[in-house]
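Throughout, read-outs are computed from the coordinates displayed, never taken from laboratory work. Being a predicted model, the structure only gives us computed values, none of them experimental. All Cβ positions, even for glycine, are placed from backbone atoms using ideal geometry, and neighbour counts span all protein chains on display.
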Amino acid sequence: MDRGTEDKLARKGRHIGLVIAVTMVLWLGMTLFIGPALGLPGRYALLFDLAALAGFVYAGINIVQLWRLRQDSQR
């Protein structure tokens with residue numbers, strides 16, 4: 001595996017980790033602290049849950065893409 005491919009895989013892995021971490025922090029912050037502090041109704045919690053789910057689905061798709069890139073680069 002050449003250096004360019006390794007850098008590409010590492011960059012994609014860092015991106016996935018950052019997406020997961022930021023999604024989790026924002027989701028917990030909005031549903032546990034910021035939403036209740038602003039007095040938002042409970043239905044907004046569902047909106048935050050769906051937004052977090054979208055972030056996790058995006059990360060999952062990217063994890064599969066990363067896995068396939070690693071499999072192709074090892075051949």
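Rounded to the nearest 20, the size of the Cβ-charge dipole of segment 3-74 about its Cα centre is 220 debye, with Lys and Arg at +1 and Asp and Glu at -1. Relative to the longest principal Cα axis of the chain, at what angle does helix 43-74 sit, 0 to 90 degrees, rounded to 10? Once rounded, one gets 10 degrees. Computed over the Cα atoms of the chain, pair by distinct pair, the Kirkwood hydrodynamic radius stands at 14.1 angstrom. Ranked by the mean number of other Cβ atoms within 10 Å of their residues, highest first, the peptides 34-44, 20-30 come out as 20-30, 34-44.
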